[in-house]
Each structure stands twice: as structure tokens, then as C-alpha cells.
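Report on the following structure.
The values are calculated or read from the model by the stated rules, or taken from the named source; none is laboratory data. Quick caveat, the model's predicted, so the values are computed rather than measured. Because the Cβ atoms are built from the backbone with ideal geometry, glycine has one as well, and the counts that use them run over all protein chains shown. Surface accessibility is based on the protein's heavy atoms, side chains included, excluding ligands, DNA and RNA. Shrake-Rupley method; radii C 1.70, N 1.55, O 1.52, S 1.80 Å.
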Amino acid sequence: MTGSAATGRTTDGRNDRSPVAARARDGREAKADEVTETQVKMPSLMGRTALGAGLTGWIGAAAVAVALTLSGTHASAAPGALSPDEQQCLACHGMPGLEKPLENGKTLSLTIDGQHFADSVHSRIGCTACHVDIDRATHPSAVKSIGSQREFSLEMSETCRNCHSEQYHQWKQSVHAALVGDGSPVAPTCVGCHAPHGVVKGAAATMDTVPCRTCHADIFTAYASSVHGQLRSKGLTAAPLCFGCHGAHEVAVPSAGSGRRDVCLSCHTEAVASHRTWLPNVDLHFSVVSCPVCHAPKAQRMVNLILYNSTTQKETSRPLGIPEFETLDSGHGNGKSGLDPTTLLTLLRASDGPHGKTALRGRLEVRTGVQDHELTLASEAIGTCSTCHKQGSMAFQSVVVSVAGPAGIPIHYDANTEVLRSALTINSVGGFYAIGGTRVTVLDVLLGLALVGGIGGPLTHMAWRWSFRRILDRRSHHHPHGKG
Amino acid sequence: MHRIYLHPLPVRIWHWINAAGCVLLVLTGLQIRYVGLIDVVPFKTAVTVHNWTGFVVVADFFLWLCFYISSARVRSYHTDLNPVRYFLGSMRQAVYYAIGIIERAPNPFHPSVYRKFNPLQLMTYQMIMIILLPIQCVTGILLWNLTGFAGVVTALGGVRVIDTAHVVIFIIFAFYIPAHVYLAAMGRTPLDHFKAMLTGWEEEPETVKAKPQPKREPAE
């Protein structure tokens, strides 16, 4: 399943590994590489003929592999050269235009580019290692019914698991699998990223061929222009490609918790110490400010108020069961519209349940995934406190309230920027405050009154004293005996 | 005239450090809160000065606390348990500040070693020293290290609640400090009380002895 991505990274990393590159790759990835290497090679020692013995599924593949290894009757084919068995398959499947009608009315192409397959790492294991349900005695007359291409992809993912079990399980934990489970028609299965008949080492490890760009084209464009992309394109393999930060198979919701910060710090290990030399409250900044907020200086920022249960400390998931919330349109924070302080307060109280109160935890983030990738050199990053810590800062002109949606992907609801400044939300938005930037308006008014009172009061009293004393002095002057 | 040793050295040290500290805290607080509107010093400098000054004021508060809990002079902070007397004394003092001072009437209150605050001062200083300043110290320390005190901050309602409490007390101090300076200048001469807080000795007119107040002098 993952021969392309994983073995490609292994080759790339081992040939060009620098100390920085070594840091850039977390242990998780390295482990995945090792497993992939082992698992891809293992079937290559096997023969293929007996794979058609009628066994199905991973049990069949494993059992037959052992049997053939023991028999030693079949040698593996080297990449670039196909064995007679594969050539026999390609006699038909190499023909252009070979298609199979699907139950959904569409067609599935059955044509395989023979040369691509011959060059792929999977050529070593042969066709029937994966297509275990094919019986040479009855194929092609025993026609298997396939509902849709998607259904076939999902079914074949189980076949990939036979050899690439660790990668499969990583994928099962990923946001991609969660989306697949949620019925997404586009979230990738194994073959979504890895062309099964053309898997070559290193295919996922170059900017030109990394499969992520197929679906995330706009993000990839931003990445390619970023400091990471530019360094990578110049051949610096220490600069991360997609999987360097997101993982190849265990792709998580990128904005979840402290995940993004931890990913950055896994390479930039000196970042905390270097920030401590000039940035006050470093731990707090690292906790509530996403790295791209400063390191993608042209990005638009937003305050992300994440709903969570104050007892369990877990993010609240949709649906909340509050009709007003469910009917809100999700958006990306356009400033003046969306939830106003009163509505937000009402909704929060309505969502309090027997398991605890619902509260908001704030984070400063950039508005889109594209902008998340527009990272620049550190020298170009924002380093002036007053960029954010002042009234009217662009950082606080966009506010969203988030709940975890399907597959854990956050759903953003627009909120009025007043929720950051209203006295009504002092408690409900208690988890977010930026000195100077999100001042409570009514406190500014109170301070004004206090200064007027504290300075104006004495001045008034002084004037009062002075003017009345003059009157009294004048009276005593005109009536020197008046006072007795 | 006779002299009373009203302000012992520890009290004077505490007072002037506290005064300078609070003024600096209010000024740097204004700078921190109103960056862009007030740009006297850089934000980071204001934060650094504010933090260090805050620690000095916290330490100074403990100087005050230690002195008074170990001294009989703490009676000056004791509440008058007779509400009628306390109310009448407060009214008398308020009338003096509003009218009496204009007529150059004598101050109705005459301090002594164990009772140095008039009823209005007593109420004000009790609120400041027993309620407001301790809350301000605690909220200031929490805001100084929000991640270190994350549990306490969350338990108290979050950073916004803590900050609001801190700012509300800051507003009260911003009102109080100029008013305090003005009231301090309303002695027999404008500088009398300032001198007393420097030397420790307060001068009182001899007439006081001729017209004693119905006061609650503690048994000594």
C-alpha cells in the first residue's frame, strides 16, 4: 500500500540525512519506514503461482507466502522485468480501453500500464499477491460484481493491510479514514495516494510527485512559496515536505490542540529557548498563539474560541443539541456579523449539561489552511508586541466559535468581535484575553470616569475652597465685627 | 502645638515604597493597556518594569503586614464596633471636608498613636489594605505567570476574569492616588502631613487638649 511514500522517504532520508534532517523526521515516521521496507521485501522472496490457490484475504496471502517460501519453486522478478505470469495477465490488462461496468452505472478501467507496473516495487510480488480472489481456472469468466470504484478502493485497502498493516492502522486513526468512515466520497483510501500498479520508491518524497498536492493543491502552492518549500526545492531535505509535519498516514486534524506547535518544535528544538531571550510569557504565547500567526506575517489572523466542557476539559462535539447553534452558518469570522455577546452567552448556558459547564478556550490562529503554510524566514516574522497588544489590532478583527465536527474537524461559526470586548462575556470568554488588544470597553469608560473623578474632584474641591474663602474673607472685611 | 510620633520608621518605609510603587504600577499599567494611544516607553519595557515593581509592592505589603501584626499600633486598623459613633464620626468628617475646611474650622478628628485614622480614612484604608491590595497582588502574580498558575486561573473563571479584577482595582487606585495626595495636602499647612510621613512626627494644635473629642481611645 505505502511502498511509494514510505520507501521513497527512506531512500531519500538515508542518502541525504543531515543532523537537521534527522531531527526533522520524528521517530514515528522512521519506524514506519523500517516496517515498510521489511514488509515490501518479504513478499519478494515468495513465488506467485500458488497465490491463486483459492485462499482469500490476508490469511491467504500470508499462508501462501510461507508455503511458497518453503517450496522455493518461484523466484521473484526484478523490477523492470516481468515474469511470464504477469505477462500473461498483461496480455489482456495491457490493452487500452479494457473496462468493467460497475453497478452504479460507471466503469472501472482495467488497463494496466505494463512498463509502469514492471518498474514498480509491486512487480516483485506479482498480480495475484494482491488480487487473491482471482482464480486462473475461472478468470475472466467468473465475473465479480463491483458496486462502485469507491467500494472497490475500500475493499482493496484491506488487501494492502496484509503487507502494510502498521501503515494501515495509522491510516485508520487519521482524519482521512475518519472522513471515509463519515461517508466522504473524496477522502483518500490507500489507492487515493498510491497508484497500486505504479508504486516506485521516492515517489512521495519529491515536491513534484508528493500525492498530497492532488487534493490540497492550493495549500501546496502556498507551501511551495514558503521558506520550507523554497528550501526543499533547492534540495535541502531537512526542509519538510507534507509528510514531514503531517505524517504520511497518521494525518491528524492539523488545528487540534497543541499538535501544530509540537510539530514545529520537533524540528525547531531551539525555538522555545530563542523566544525566551526576547518574548515575555513564552509558555503562554506558545500555548495560545499558533506559530504561523507570527511566522506567516501576511496571513489574516483570527481568534478561535473553542467550546469545551469545563469538567472533562474535552472539546465539545457537534451536534450540541441547541437548535440556535445548529442552524448557524459556519464561516471564517468576518468581524461584525455572527454571534453577538448576548446570544453567545445564552447558547453557552443552554449547552451546560449534567456533565459540566460549557466554556470557551481561545487561541490565536490564521484564518485558513493555505495561510498556515505561508511561512517565512524567522527574520521576517512578527516580533513587535504592539502588533497584537493594542486596540484595533488586526489579530482580533475576526472571531469564530469552534466545535468539533465530523471526524474531529473543527466547524467554525462566526462571532461578532464584540464578544472579546463585552462585559457580558467576561466570564463566558474567560479563557481568552490579550492585554491591550481585547480590552473590555466598559472598563475603559470606568477608567476615564476614575481619572476625571480622581483629578477633577480635588481640582473642583480646590476651586470650591478658593472661591468660598474669597467670599468669606470679603464678608469679614466688610463686616469686621460681624463674626463676634 | 504638641508632637505625636504617629508614623514609626517601618510604616514610613512601607508607605513611600508603596506610594512610589503604586504610582509606577498605575503609569506602566496605563502604558501596557493603552499601547498605541500612549507610547511613552515600549510595551516590553512597560511590562518588565510593571512586573518588577509589582514584586516590590508585594514584598512591601508583607513589610506592612508583619509590622502591624506584631505591633499594638494595629489598633488603628480596628473597626469601630459602635456603628452610630462610626456613622456620626464619618458624617462629621465629611461635613468638615465639604464646608468646615473652607471656614477654616478645626479638623474634628485628632489622631493619636493607636487611633491615627479618622472614620473616613479608616474605612478607606481597611478596604485598600485588607481587600483591594491583596487581591491586586494575587491577580498580578497570576497574570505574571498564567501558564504556571493555569489551574488556579481556570478555577477562578479564566484569564479574562482575573484581568478584569486586576483592571477594576487599577481603576480604583487610579482614582484614589490623586485624591489621596490632595487630601494629604489638607493639613494645617499643605505640607504638614507629608513632613509627618517623612519624619514620623505629626504636629497637633494645643487646643486639642482643651476640647477633647468623645472618642474611643483604647485602653492602654
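Across the stretch A:101-128, the number of residues qualifying as closer than 20 Å to A:V200 by Cβ, assigned to a helix (DSSP H, G or I), in contact with a helix residue (DSSP H, G or I) (Cβ under 8 Å, 6 or more places away or on another chain) and in contact (Cβ under 8 Å) with a residue 40 or more places away in the chain comes to 6. Exactly one residue out of A:L236, A:L231 is part of a loop (DSSP other than H, G, I, E, B), closer than 15 Å to A:L377 by Cβ and free of Cβ contacts under 8 Å to residues at least 24 places away in the same chain, and it is A:L236.
Of all residues in the stretch B:5-22, which are open to solvent by 20 Å² or more (accessible area, probe 1.4 Å), over 12 Å from the mean Cα position of the chain (by Cα) and within 15 Å of B:S71 (Cα to Cα)? Within the stretch B:5-22, B:Y5, B:L9, B:P10, B:R12 qualify.
Which one of these is over 22 Å from A:Y433 (Cα atoms) and open to solvent by less than 60 Å² (accessible area, probe 1.4 Å): B:L25, B:L65? Don't jump to the end; show me each part of the working.
Details: B:L25 fails: over 22 Å from A:Y433 (Cα atoms).
B:L65 is the lone residue from the list that is over 22 Å from A:Y433 (Cα atoms) and open to solvent by less than 60 Å² (accessible area, probe 1.4 Å).
For the stretch A:409-417, does any single residue satisfy the condition of being within 12 Å of chain B (Cβ to nearest Cβ) and either on the phi < 0 side of the Ramachandran plot or not charged (D, E, K, R) (or both)? No, because not a single residue in the stretch A:409-417 is within 12 Å of chain B (Cβ to nearest Cβ) and either on the phi < 0 side of the Ramachandran plot or not charged (D, E, K, R) (or both).
If a residue counts only when it is touching a residue at least 40 places away in the same chain (Cβ under 8 Å), which helices (runs of 4 or more DSSP H) contained entirely in the stretch A:244-308 have at least 1 such residues?
A:259-267, A:282-288, A:291-295
Is it true that B:V161 is among the β-branched types (V, I, T), open to solvent by 30 Å² or more (accessible area, probe 1.4 Å) and more than 9 Å from chain A (Cβ to nearest Cβ)? Here the answer is no, as B:V161 does not meet what is asked. Criterion applied to B:T139, B:T154 was being within 14 Å of another protein chain (Cβ to nearest Cβ), at pLDDT below 90, closer than 24 Å to A:I426 by Cα and assigned to a helix (DSSP H, G or I), and the one residue passing it is B:T154. Considering only the stretch A:407-415, I want to know if a residue exists there that is more than 27 Å from B:G158 (Cα to Cα), in contact (Cβ under 8 Å) with a residue 40 or more places away in the chain and surrounded by fewer than 18 Cβ atoms within 10 Å (Cβ to Cβ). Within the stretch A:407-415, one or more residues are more than 27 Å from B:G158 (Cα to Cα), in contact (Cβ under 8 Å) with a residue 40 or more places away in the chain and surrounded by fewer than 18 Cβ atoms within 10 Å (Cβ to Cβ). Considering the stretch A:363-406, the residues that are of a type in the set (K, R) and under 29 Å from A:P240 (Cα atoms) include one that is surrounded by the most Cβ atoms within 10 Å (Cβ to Cβ), namely A:R363.
Of the residues making up the stretch A:433-466, just one is at pLDDT below 90, in a helix (DSSP H, G or I) and open to solvent by less than 70 Å² (accessible area, probe 1.4 Å), namely A:R465.
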